[in-house]
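What follows is a single structure, written as structure tokens, with notes after it.
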Amino acid sequence: MTDALVSTAWVAEQLGKPGVRIIDVSSEPQLYAGWHLPGAVAIDWMRELIEEEDESSGKIPDPERFAAMCRRLGLQPDDTLVFYGDKGGRHAGALHLMDGGREQWQREGAVLSLSKDRPTATGPVSVEPSGYPVPSGRRLELRATIDQITRSMSNADYTVLDVRTQGEYDGTDVRAARGGHIPGAVHIFWEDALTPDTTLRPRDELAQLFAAVPRDNTVAVHCQLGVRAAHTWFVLRHVLGYARAQNYDGSWQEWGNREDTPIES
């Protein structure tokens, strides 16, 4: 469907190739310890991919911390990076995303005809630290802020998309100081974009699922921490071609813990 979304078969063909790096971004570190794709290195998403290193914020880290992580992993700026995780890959929505994640790789490996083509490994992978440079900046057009949403949420060309559960959206499942949703937010649960085997639904089904979200609008996607939202952002931008899709990485953790933000329930 898109160059950014790759199949398990494509990944299997790339294993061990120079310049192709496989990144495990599973929800729990013990999953990587149990098994991982051969040559894959692991990122602790909570410690390395969010600003506060805990669940107090979903905001992305600064360029210096990002570069330090890349150096630790031995990455180079011109490497092809392939991310995979579990739970539909919700922690791995970046660059090349392996469709179906760990579950699909393991499921296909259990099939006799594919068992040799979907190898797994255990134990840590040794890498030589690199000299990855600090990025010159962030692509701010991909990121929504609380100030931008506050200014724009009532505009006809602006859509807030809430991808949390129905309970989180209607305020019966409260995960911050206040429950509910941003006024006017469209609600589409992020997992509805997945098939029962955790792969993405066909493009026509995804287009129907997100039909309530105008394609030409700026779309600020959020969840609780921006993690589930990153997966939906990937679907909108890289599969459906929403050129103005953004991730509100502060998400409900920020909005729901403020006293000055409007809320509906």
Check your understanding: How about segment 162-214: which of its residues are β-branched (Val, Ile, Thr) and on the phi > 0 side of the Ramachandran plot?
Key -> Thr198
Review point. Checking Asp147 against (1) assigned to a helix (DSSP H, G or I); (2) within 30 Å of Gln106 (Cα to Cα), which single condition isn't satisfied?
Key: (2)
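Given segment 160-265, what helices (runs of 4 or more DSSP H) lie entirely inside it while holding 2 or more residues that are at pLDDT below 95, open to solvent by 50 Å² or more (accessible area, probe 1.4 Å) and among the acidic types (Asp, Glu)?
On the way: elements: 166-170, 203-209, 227-234, 251-255.
In segment 160-265, there are no helices (runs of 4 or more DSSP H) which contain 2 or more residues that are at pLDDT below 95, open to solvent by 50 Å² or more (accessible area, probe 1.4 Å) and among the acidic types (Asp, Glu).
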Check your understanding: Could you list, in sequence order, the residues of segment 25-42 that are at pLDDT 90 or above and of a type outside the set (A, V, I, L, M)?
Key -> Ser26, Gln30, Tyr32, Gly34, Trp35, His36, Pro38, Gly39
**Study point:** Subset of segment 70-92 [assigned to a helix (DSSP H, G or I) and either under 16 Å from Val20 (Cα atoms) or modelled with pLDDT of 90 or more (or both)]
**Key:** Cys70, Arg71, Arg72, Leu73
Practice item. Hey, could you check segment 1-26 for residues that are among the acidic types (Asp, Glu) and open to solvent by 30 Å² or more (accessible area, probe 1.4 Å) and say which is nearest to Trp45 (Cα to Cα)? Key: Asp3
Exercise for review: Any residue in segment 104-126 that's without any contact (Cβ under 8 Å) to a residue 60 or more places away in the chain and surrounded by 15 or more Cβ atoms within 10 Å (Cβ to Cβ): show its pairings with residues that are β-branched (Val, Ile, Thr) and not in a helix (DSSP H, G or I) at Cβ separation under 7 Å, as long as the two are six or more apart or on different chains.
Suggested key: Gly109/Thr120
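The values are calculated or read from the model by the stated rules, or taken from the named source; none is laboratory data. This one's a predicted model, so the numbers in the text were calculated from it and none came from an experiment. Methodologically, a virtual Cβ is constructed for each residue, glycine included, from the backbone with ideal geometry; neighbour enumeration extends over all protein chains shown. With ligands, DNA and RNA removed, areas are computed over all heavy atoms of the protein, side chains included. Shrake-Rupley method; radii C 1.70, N 1.55, O 1.52, S 1.80 Å.
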